[in-house]
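Taking it in order: structure first as structure tokens, then the write-up.
The values are calculated or read from the model by the stated rules, or taken from the named source; none is laboratory data. Everything quoted here is computed from the prediction, not taken from an experiment. Glycine also receives a Cβ, built like all others from the backbone with ideal geometry; neighbour counts cover every protein chain displayed. Side chains are part of the model used for accessible areas, which takes the heavy atoms of the whole protein and leaves out ligands, DNA and RNA. Shrake-Rupley method; radii C 1.70, N 1.55, O 1.52, S 1.80 Å.
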Amino acid sequence: MADLRVAFLGDGHINRVLRLAVEQSRPYRVVGTIGRDDELPDGADVDVVVEAATQDAARGRVPALLAAGVDVILLSIGALAEPAFREQTTRTVPGHGRVIACTGAIGGLDQVRALRAAGPLHAVSIESRKLPATLIQTWMPDDLQRALRRGDSEIVLADGLAAEVAQRFPASANVAAALVLAADAWDTATARVVADPAATATRHEVHAAGDLGEVRVVVTNTPSPERPRSSAVVAWAALRALDDYARLGGFRAPDGMPFL
């Protein structure tokens, strides 16, 4: 049985935690971490790349990896809010790699996908609550940034199409894009982002309804101490995705059953 060869796109906190977990506990061969200016590997060197960089990095580098025959586990799902990138990465091309979406910091997407398989959904929405200071963006006016730094009042920062919200909050709203991807509702799904001074944990409330039923899920995640904009669970969701990839591909992997 072959060893899975894995590399990491992005050298931030998530991939550092993930790489350490792989090196300490998994039978995979780490090829390396790909930085901003590093040469990309091809299918002769690596089987799968875990992307945990930025939406811009995903749009800029993932297409070349796919063209080189490398599979990519994608965490920056918000990049798919851009229609051209979404079309480029979701179509099947012989000899090209595949993109596998990682659920990251959100749950319930298996049931959302099942409802969507039976037909278009009637309603899809998500509300995300985080500590105010973690939601500051460079495009915000100075008075809003100051209010978020004070963190003494609840502020609704976005309430509209989820695909647009995911682009406005690239480090915080990948969960919104993940829901939209699962529901295939890029033109209808909505997202609400709330700066909440009382948010001791990041909270996502997911709702989806279709002909066969309804999903209501509340997810609470502990923020990463090193990077409060991200949930600590994200690296472990990526490890779970990597394990399932290895099991389904016939590589050496920990005992267990893959979920689809």
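Pro170 fails exactly one of the following numbered conditions: (1) of a type outside the set (Val, Ile, Thr); (2) open to solvent by 70 Å² or more (accessible area, probe 1.4 Å); (3) under 23 Å from Ser76 (Cα atoms). What is the number of that condition?
(2)
In the list Ala209, Ala171, Ala182, which residue meets the criterion of being among the hydrophobic types (A, V, I, L, M, F, W, C), within 16 Å of the chain's Cα centre (by Cα) and not in a loop (DSSP other than H, G, I, E, B)?
The conditions single out Ala182.
Any chance you could count how many residues in the stretch 88-130 are at pLDDT below 95, outside any loop (DSSP other than H, G, I, E, B), β-branched (Val, Ile, Thr) and open to solvent by 30 Å² or more (accessible area, probe 1.4 Å)?
Residues flagged as at pLDDT below 95, outside any loop (DSSP other than H, G, I, E, B), β-branched (Val, Ile, Thr) and open to solvent by 30 Å² or more (accessible area, probe 1.4 Å) within the stretch 88-130 amount to 1.
Among the residues of the stretch 187-195, is any over 27 Å from Gly119 (Cβ atoms), over 19 Å from the mean Cα position of the chain (by Cα) and at pLDDT 95 or above?
There is at least one residue in the stretch 187-195 that is over 27 Å from Gly119 (Cβ atoms), over 19 Å from the mean Cα position of the chain (by Cα) and at pLDDT 95 or above.
When the residues of the stretch 148-163 are narrowed to those that are touching a strand residue (DSSP E or B) at 6+ places or on another chain (Cβ under 8 Å) and either in a helix (DSSP H, G or I) or open to solvent by less than 40 Å² (accessible area, probe 1.4 Å) (or both), which ends up farthest from Arg227 (Cα to Cα)?
Gly160
For residues that are in a loop (DSSP other than H, G, I, E, B) and open to solvent by less than 30 Å² (accessible area, probe 1.4 Å), tally how many sit in the stretch 187-200.
Adding up the residues that qualify gives 3.
Specify the residue that is modelled with the lowest pLDDT; the eligible residues are those in the stretch 34-53 that are open to solvent by less than 30 Å² (accessible area, probe 1.4 Å) and under 28 Å from Arg229 (Cα atoms).
Out of the qualifying residues, it is Gly35.
When the residues of the stretch 1-33 are narrowed to those that are open to solvent by 10 Å² or more (accessible area, probe 1.4 Å) and part of a strand (DSSP E or B), which ends up nearest to Gly250 (Cα to Cα)?
Among residues in the stretch 1-33 that are open to solvent by 10 Å² or more (accessible area, probe 1.4 Å) and part of a strand (DSSP E or B), the one nearest to Gly250 (Cα to Cα) is Arg5.
Would you check which residues across the stretch 69-79 are modelled with pLDDT under 95 and either out of contact with any strand residue (DSSP E or B) (no Cβ under 8 Å at 6 or more places or on another chain) or among the charged types (D, E, K, R) (or both) and list them?
Correct list: Gly78, Ala79.
Every residue in the stretch 107-147 that is farther than 24 Å from Glu226 by Cα and hydrophobic (A, V, I, L, M, F, W, C), please.
Within the stretch 107-147, Leu109, Val112, Ala114, Leu115, Ala117, Ala118, Leu121, Ala123, Val124, Ile126, Leu144 qualify.
Under 7 Å between Cβ atoms, which residue pairs at least 6 apart in sequence (or on different chains) link something in the stretch 167-184 that is closer than 12 Å to Ser128 by Cα with a partner that is among the charged types (D, E, K, R)?
Close Cβ pairs satisfying both conditions: Ser172/Lys130; Ser172/Arg229.
Going by what's in this entry, would Leu75 be described as open to solvent by 10 Å² or more (accessible area, probe 1.4 Å) and touching a Leu at 6+ places or on another chain (Cβ under 7 Å)?
In short, no.
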